[in-house]
Structure formats: structure tokens, C-alpha cells
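To start, the structure under review is shown below, and the notes come after it.
The values are calculated or read from the model by the stated rules, or taken from the named source; none is laboratory data. Please read these numbers as outputs of a predicted model, since none were measured by experiment. Methodologically, a virtual Cβ is constructed for each residue, glycine included, from the backbone with ideal geometry; neighbour enumeration extends over all protein chains shown.
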Amino acid sequence: MSAATSSAGDWLEGGELLARTLRDAGVDTVFALHGGHLESFYRGCIANDIRLVDFRHESSAGHAADGYARATGKLGVCVITAGPGFTNGVTAILNAQLDSIPTLFIVGSPPLREAETNALQGGVDQIAVTLPMVKYAHRITNTERIPDLTALAIRKATTGRRGAVLLDVPIDVLHMRAHKDDVRPAHGLNINPRPAPHPDEIKAAIAILKASERPVIVVGGEARYSNCRDDLVALAEATQIPVVSNTRGMGVFPSSHPLNGQVVGNLALLSARRPDAALLLGTRFGFRLAGRSTAFFPDDAKLIQVHSDAAELGRLRHVELPIVADVGAALTTLRTAAAAETWPQRPAWIEAVTKAPAKMLDMFPNKQGPKGIHPFWAAEAAVRAAGPDAAIVLDGGEAASWAAFHLRSNQPGHVQGVGYLGCLGTGPGQSIGAQLVDPDKRVMQITGDGAMGFHIQEFDTMSRHRLPICTIVLNNEIWGMSIHGQQIMYGANYSAISELRGTNYASVAAAFGCHAERVTEFDEIEPAIARAYASGQPSCIEIMIDPDVVHPVTVAALGTISDEKREIMIPYYENIPIRPQA
């Protein structure tokens with residue numbers, strides 16, 4: 001049937017097809033920055049009641065989609081334009097991928113029919129650039145294929161080991177029309193497979209945990225997407241095994257539960273009495289889990305690792321029992337098996353794990369230093385002032401590390417932090433994504449003065465969209481982790497491009513329309529934050545902290561070199577031993 005004899009309703013524009021597919025997949029919010037390549041899609045979003053949230057930089061739009069996915073457990077969608085829009089978004093794409101966050105990035109591109117013409121915002125193969133850093137990337141070349149290829153991308157992002165996917169949609173493909181009879185339907189939009197462990201694996205796991213003296217459960221990022229809280233709590237209570245979490249897993253097991261030892265890093269505070277067995281639920285070995293060191297788990301600890309990606313099982317450590325499965329499915333089966341057993345009582349071990357955080361309090365007795373507020377206590381006051389139900393987003397190096405110790409959460413997705421990319425500047429976008437999930441919830445971003453400079457323009461986005469996010473800037477006027485690392489390596493008077501002097505971040509935020517205050521005394525922190533939230537506006541509370549205080553994580557990241565060792569100190573990685581010459 002020709003266009004001349006068909007009714008207008010028989011022909012569907014590419015942007016409409018894309019928006020309909022997202023709507024049918026349950027997407028109601030898209031994070032974006034305007035670009036002419038995507039006009040058809042914007043109109044499709046308006047017609048399909050999809051909210052468009054615009055930013056001042058594509059990277060922040062991508063981080064917002066990432067933050068939205070972390071907060072909701074659903075797909076996050078970012079749409080950005082071709083060329084510089086795409087390259088600006090690359091950092092956000094990779095950040096989401098490395099942290100296994102289910103995100104769909106849709107990128108415009110020049111017309112297919114103008115290939116190799118030195119077209120505007122062309123000259124780069126966006127798929128070739130993206131392939132090494134995403135789970136899946138594809139260029140859609142036919143309008144009628146938009147629905148089914150979008151559905152394929154969504155399935156890849158949200159199943160198995162989750163991650164970032166990218167669709168490149170040329171402007172002519174997006175603006176052209178396809179007849180409804182030629183359109184390939186979007187099948188499989190809501191697939192949610194839950195592969196379960198083999199019964200023999202469950203028996204073996206129960207045997208290891210039952211025989212151990214000091215077992216611990218470690219909750220990771222994959223657990224956040226498994227709706228497994230009830231099973232996890234039941235398992236912990238039946239076995240009386242304490243639970244710790246990494247940042248992405250926080251809140252799956254309620255922080256208020258008496259078996260919660262809070263952040264996994266607290267295991268390093270146990271000294272010689274560390275775990276002899278661990279059930280790792282959806283977490284990977286890497287720098288967030290002490291790398292190849294034994295800081296958290298001794299060499300002889302028996303490890304049970306549950307993960308959707310077999311390649312992660314035993315990546316850096318021997319794993320006694322590797323299990324490829326969905327965390328929720330594994331916990332359902334483990335809970336049932338554990339309930340049928342009689343478990344040993346371990347009151348001393350539970351107390352050691354759950355009381356370990358108190359050891360940090362004794363390390364920093366003074367709230368005010370000679371050059372500013374102590375950052376440990378500044379972060380503590382900020383988290384406390386936010387309240388127990390607030391969503392907290394961390395950004396920066398030492399600033400994020402100071403705050404991470406104090407975090408507590410009774411809801412999954414309420415804590416977001418710096419991930420495997422080690423990327424600064426994620427905080428503004430992620431906090432916006434978290435706030436849009438629930439406009440009435442308190443959201444706090446805690447960042448350093450260095451990290452705040454990456455995307456300070458998003459104060460404008462918060463103001464325009466009337467998002468009452470409270471941003472805490474821990475300002476020591478230096479790149480804290482950088483200069484402290486330099487001085488550990490080269491002496492107390494050394495620095496190289498690591499100082500940041502004179503910027504008043506509160507004034508900058510005020511100019512963007514935010515409530516803003518600068519705080520110099522510890523006792524001023526909580527009242528200032530109370531005023532910030534009472535204002536109903538986006539806000540910035542700048543806290544001046546002591547630049548001489550070094551976070552223990554910085555010291556640990558550089559390691560120590562004793563007189564007996566011959567090593568080259570390497571910042572943030574393992575030191576390199578110097579082999580004796582023959």
C-alpha cells in the first residue's frame with residue numbers, strides 16, 4: 001500500500017516509535033541535553049508522557065540516568081546528541097558500565113545518506129569508540145527496526161550482569177516514517193530471568209558457613225537488583241552471621257539491624273580476628289574489595305561467591321565455592337536450607353563485627369583542627385543532619401571516603417558513591433537522578449572542592465527544576481588525596497598542581513539561585529543544613545575543613561615501605577618490588 005492511499009495514522013515517525021518502545025518498557029523519565037538530531041524523539045516523548053529532564057552538560061545527564069537506575073533498580077535512559085554531545089557523555093557511559101548499572105544511552109548521529117561528506121558533528125564512528133566500554137552497541141539503520149532493536153538493547157542492559165548499552169540513531173532514520181505493517185514489534189521488554197544455584201552448591205555453602213567460626217555475609221551491587229531483602233534478613237537471622245556491604249549494596253540489609261557491621265571496609269579494623277569464611281553476594285574482587293590483599297579476608301578464608309558473571313568468580317582470590325546465579329534466587333534457596341539447620345552461636349564474633357566501626361571514633365578525638373573543621377566530624381555532622389531516611393550521594397576522593405564511614409541506609413539505592421572508574425564529578429548528576437525518583441525525599445550530595453569543580457554548572461539544573469538537593473562541599477582548598485599522596489611520597493613540603501585556593505563555592509551556588517552558606521565552625525554545620533532544607537531550594541553548604549588531615553585510605557592506597565623492603569612506591573596500586581641483581 002503506498003503512502004498516497006494510506007491514512008496518515010498508518011505511518012509512524014522514528015522518534016515516535018522510539019518513545020513508544022521506551023514507554024512500553026516502563027520508562028517514564030529521560031535525561032538529556034538538547035541536540036537537533038533528536039527533535040523527532042523529543043516530540044515523541046511529549047506525546048507519550050515521558051518526562052524530559054535537561055542538563056548543562058551531557059556527562060551529568062548520563063550520571064543522572066546512572067543515579068536514577070541505582071535509586072530505582074530500573075533502567076536509566078540518557079539521550080544525547082552527536083559528535084561533542086557523544087564525546088562529552090563517554091565518561092558517564094563507562095562509569096555506568098564498570099559499576100554494572102542498567103543504563104541505555106541513545107545517541108544521535110548525522111544522516112546515513114551524508115556519510116563521508118565531512119558533515120556537521122560527524123567524522124567519528126561512535127559505535128567503534130563505544131564498543132570497548134559497553135555491554136552492547138548498535139547503529140540503527142532502518143526506521144522500522146527501531147522498536148525491536150531498542151528492545152534488544154534494553155534486554156542486554158537489564159539481564160545477566162547488568163551494564164551500559166548504546167544505540168546510535170542517525171537523524172534521517174529518526175525523522176523518517178515507516179508504515180505500521182512494516183514495523184518490527186518490540187518483544188521481550190520485561191524479561192527478568194533469575195537463574196538459581198544447583199542444590200549441591202547450596203548444600204556446600206551451608207556446610208562451609210556452618211563449620212566456620214567467623215563467617216560474614218558481604219552484600220554487593222547485584223543484590224540491589226534482586227528484591228532480596230526479606231530472604232537476606234531471614235538468612236542472617238537464622239544463621240546469626242553478621243552482614244557488611246559495599247556502597248552499591250548498602251540498604252539491601254537494613255543498617256538498623258543488629259547484625260549489620262555496615263561498610264565492608266570495617267573488616268580491616270578487625271586486625272588478626274578477620275573472617276574465616278565469607279558469602280559474597282553479587283560483589284566482585286577489585287580495589288573496592290581490597291584487591292589482591294588480605295586486608296578483609298585472610299589467605300585461608302573460605303570464600304563463597306555468588307555472581308551472574310562467571311568471569312568474576314575467583315578473579316583475584318581462590319574461591320572455595322563459585323556459584324553462577326541470581327543473588328535473589330540464591331538467597332531464596334539458602335534461606336530455606338538454613339532454616340532446616342541448627343546453627344552455632346557466635347556472640348563474640350557478632351559483637352566484633354558490629355562494634356568495629358566504633359574503633360574509628362577513637363582515632364579522631366578533636367572536632368576542630370588548627371586550620372579548620374576535622375573532615376571526619378564534618379562528614380559525620382552532615383550525614384546526621386540529613387537524617388536516617390535521606391539518600392546520600394558521594395563524590396570526590398578523600399571527601400567521599402570520610403563520608404562513607406558514616407553512611408547508614410535502610411533502603412536499597414539510597415547510597416551512591418564513586419565506583420570502579422574512580423570518576424570525579426558524578427555527584428551532581430547522580431543526586432539529580434536520585435531526587436527525581438522522589439521529589440519529597442531528602443537528598444544530600446557530599447563532595448570535595450576539587451570534584452565540585454567538574455560540573456558546578458548543574459546548580460543551574462537543580463534551580464531550574466526546583467530540586468531541593470543539599471550539596472555539602474568539604475573545602476580544604478586542595479586536591480586532598482593528590483597532595484597527601486605526594487607528600488607521603490616526597491615529603492611534607494612537596495606539591496605539584498594539587499592546590500586549589502580561594503574559590504567560594506557557596507557564592508557560586510548562590511549565583512545559580514541556590515540557598516548557600518559557608519561554615520567555619522563545627523557547631524554551625526547542623527543549623528546551616530537545617531536552614532538549607534527548610535528553604536525548599538537547592539542548596540550548598542560549604543564546610544571549611546583542615547587541609548592537613550590525611551584520610552587513612554590515602555595512606556593505605558600508597559602502602560608502606562619498610563627498611564627491610566626494596567620497593568618502588570606506586571600511588572593507588574601495588575608497590576613494585578626491586579629484584580636484587582645477580
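Overview of values
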| read-out | value |
| --- | --- |
| Single unsatisfied condition, Arg464 versus (1) within 19 Å of Ala65 (Cβ to Cβ); (2) surrounded by fewer than 20 Cβ atoms within 10 Å (Cβ to Cβ); (3) in contact with a Pro (Cβ under 9 Å, 6 or more places away or on another chain) | (3) |
| Whichever residue in the range 319-363 is under 20 Å from Ser401 (Cα atoms) and outside any helix (DSSP H, G or I) and, among such residues, is nearest to the chain's Cα centre (by Cα) | Pro357 |
| Filtered residues of the range 285-326 (kept if of a type in the set (Lys, Arg) and more than 24 Å from Pro195 (Cβ to Cβ)) | Arg288, Arg292 |
| Failed item in (1) of a type in the set (Gly, Ala, Ser); (2) at pLDDT below 95; (3) touching a Pro at 6+ places or on another chain (Cβ under 8 Å), with Ser308 passing the rest | (2) |
| Tally, over the range 344-368, of residues that are surrounded by 15 or more Cβ atoms within 10 Å (Cβ to Cβ) and of a type in the set (A, V, I, L, M, F, W, C) | 7 |
| Filter result for Val327 (aliphatic (A, V, I, L, M), in the same structural domain as Ile241 (by TED's automatic domain parsing), touching a Cys at 6+ places or on another chain (Cβ under 8 Å) and over 18 Å from Arg346 (Cβ atoms)) | yes |
| Positions within the range 266-318 being assigned to a loop (DSSP other than H, G, I, E, B) and of a type in the set (A, V, I, L, M, F, W, C), in sequence order | Ala272, Phe285, Ala290, Ala295, Phe296, Phe297, Ala301, Leu313, Leu316 |
| Cross-chain or 6+ apart pairs with Cβ under 8 Å, the range 250-268 first and of a type in the set (Phe, Trp, Tyr), then in a strand (DSSP E or B) | Phe253/Ile217; Phe253/Val219; Phe253/Val243; Phe253/Ser245; Phe253/Asn260 |
| Residue match in the range 253-265 (condition: closer than 20 Å to Thr342 by Cα, not hydroxyl-bearing (Ser, Thr, Tyr) and not in a strand (DSSP E or B)) | yes |
| Filter result for Ala236 (out of contact with any helix residue (DSSP H, G or I) (no Cβ under 9 Å at 6 or more places or on another chain), hydrophobic (A, V, I, L, M, F, W, C), in a helix (DSSP H, G or I) and under 24 Å from Ala358 (Cβ atoms)) | yes |
| Some residue of the range 561-580 being on the phi > 0 side of the Ramachandran plot and hydroxyl-bearing (Ser, Thr, Tyr) | yes |
| Single condition Leu131 does not satisfy, out of (1) surrounded by fewer than 17 Cβ atoms within 10 Å (Cβ to Cβ); (2) over 23 Å from Ala310 (Cβ atoms) | (2) |
| Criterion violated by Ala32 - all others in (1) of a type in the set (Gly, Ala, Ser); (2) in contact with a strand residue (DSSP E or B) (Cβ under 7 Å, 6 or more places away or on another chain); (3) farther than 22 Å from Ile101 by Cβ satisfied | (3) |
| Residue identified as among the β-branched types (Val, Ile, Thr) and at positive phi among Ile446, Ile497, Ile483, Ile472 | Ile497 |
| Failed condition for Asn366, given (1) at pLDDT 95 or above; (2) in a loop (DSSP other than H, G, I, E, B); (3) of a type outside the set (Val, Ile, Thr); (4) closer than 27 Å to Thr520 by Cβ | (1) |
| Test: residue in the range 96-119 that is outside the structural domain of Gly422 (by TED's automatic domain parsing), touching a Leu at 6+ places or on another chain (Cβ under 7 Å) and without any contact (Cβ under 8 Å) to a residue 60 or more places away in the chain | no |
| Test: residue in the range 312-322 that is of a type in the set (Val, Ile, Thr), buried (at least 16 other Cβ atoms within 10 Å of the Cβ) and over 18 Å from Ala211 (Cα atoms) | no |
| Only one of Ala153, Ala157 that is touching a residue at least 60 places away in the same chain (Cβ under 8 Å) and surrounded by 21 or more Cβ atoms within 10 Å (Cβ to Cβ) | Ala157 |
| Residue list for the range 160-175, filter: part of a loop (DSSP other than H, G, I, E, B) and surrounded by fewer than 19 Cβ atoms within 10 Å (Cβ to Cβ) | Gly160, Arg161 |
| Any hit, the range 448-457, residues being within 14 Å of the chain's Cα centre (by Cα) and closer than 20 Å to Gly513 by Cα | no |
| Helices (runs of 4 or more DSSP H) lying entirely in the range 394-456 (those with 2 or more residues that are touching a helix residue (DSSP H, G or I) at 6+ places or on another chain (Cβ under 7 Å) and under 18 Å from Leu467 (Cα atoms)) | 427-437 |
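Listed here are the residues, each with its yes/no results for (1) of a type in the set (S, T, N, Q); (2) under 15 Å from Val327 (Cα atoms).
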residue: Leu235; (1), (2): no, yes
residue: Thr247; (1), (2): yes, no
residue: Val264; (1), (2): no, no
residue: Phe287; (1), (2): no, no
